[in-house]
Amino acid sequence: MKHGMISGAVAIVPLALGAAVYGFAFGLLASQSGFPWWGVGVMSVSVHAGASQIVAVEQFATTGTVLGAVLAAAALNLRYVGIVASLSQVLDGLPLGRKLIAIHITGDENWALTMARRAKSPDVGAAFLMGSGLVMISVWTASTAGGALIGAVLPDLERFGLGFAFTAAFIAMARGLWRGRGRALPWAVAAAATMAAISFGAPRAYGIVAGALSGLVVISMMRRITQRGNRLGKKGRAAS
């Protein structure tokens with residue numbers, strides 16, 4: 001197939017190499033927080049969500065509470081509800097088992113690449129998504145586990161400034177998700193809700209949850225307003 005698994009695997013390589021850099025940094029710092037290299041590898045292959053893993057490890061290292069780490073990670077993964085919904089046509093016709101595998105190995109990078117290619121060529125489908133996804137999960141798991149393995153034998157990395165890797169990774173992710181000032185309102189509401197929750201003494205994990213849910217509510221309201229405006233516009237054109 002022109003847009004098969006091999007095509008997807010080759011196309012995702014530049015993005016996979018970029019993810020490997022902060023995956024390696026994440027593994028280094030996770031090992032400094034007490035996570036063994038094999039534990040980091042198991043987390044990467046089973047969770048496969050870089051942002052959520054970073055938050056979960058940082059939250060657990062800071063507070064030691066599993067619930068807080070799980071809540072913070074789950075809040076960041078809420079966006080995958082929309083991502084999976086957008087793949088309904090791509091995955092249509094696949095057996096349930098292959099659908100579940102495809103959903104699990106779908107991340108921000110291979111989803112965005114698949115949808116961009118599909119916009120140009122409608123025959124881009126599940127094979128491309130799965131090929132690119134298999135490369136991403138393999139590179140991510142290897143880089144995080146490798147970073148943790150090396151980090152276990154190195155001295156304290158915080159004094160070299162690598163603690164900023166968490167923040168830098170999220171800045172890069174946020175920049176990639178930015179869609180212009182017209183979409184700034186959900187960002188602003190989410191940030192305000194997070195800061196408000198933390199200022200009232202809530203743990204940071206719950207602040208993240210509050211921000212994520214507030215942002216989703218605003219997005220839902222904006223979509224309803226847009227849809228209502230479109231319907232009124234159609235009625236007005238029909239009446240004229």
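Where a number appears in this text, it was derived from the coordinates with a stated rule and is not lab data. Source: prediction; values computed, not measured. Cβ coordinates were reconstructed from backbone atoms using ideal geometry, including for glycine residues, and neighbour counts include every protein chain displayed.
At a glance:
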{"item": "Under the Karplus curve 6.51 cos²θ - 1.76 cosθ + 1.60, θ = phi - 60°, whole-Hz ³J(HN,Hα) for the stretch 137-148, x wherever Gly or Pro sits", "result": "5, 5, 5, 4, 5, 5, 6, 5, 5, x, x, 5"}
{"item": "Descending semi-axes in whole angstrom, ellipsoid equivalent of the stretch 73-147, from the Cα gyration tensor", "result": "21, 15, 13"}
{"item": "Kirkwood estimate for the stretch 179-240, i.e. one over the average of 1/r between Cα atoms, Å", "result": "13.2 Å"}
{"item": "Karplus-derived HN-Hα couplings along the stretch 5-17 (A = 6.51, B = -1.76, C = 1.60, θ = phi - 60°), whole Hz, x at Gly and Pro", "result": "5, 5, 4, x, 5, 6, 5, 8, 3, x, 5, 5, 5"}
{"item": "Which of Phe60, Phe26 has the fewest Cβ neighbours within 10 Å, and the rest in rising order", "result": "Phe60, Phe26"}
{"item": "Using θ = phi - 60° and Karplus 6.51 cos²θ - 1.76 cosθ + 1.60, couplings along the stretch 217-224 (whole Hz; Gly, Pro as x)", "result": "4, 5, 4, 4, 5, 5, 5, 5"}
{"item": "Fewest-first ranking of Ser33, Ser220, using other Cβ atoms within 10 Å as the exposure measure", "result": "Ser220, Ser33"}
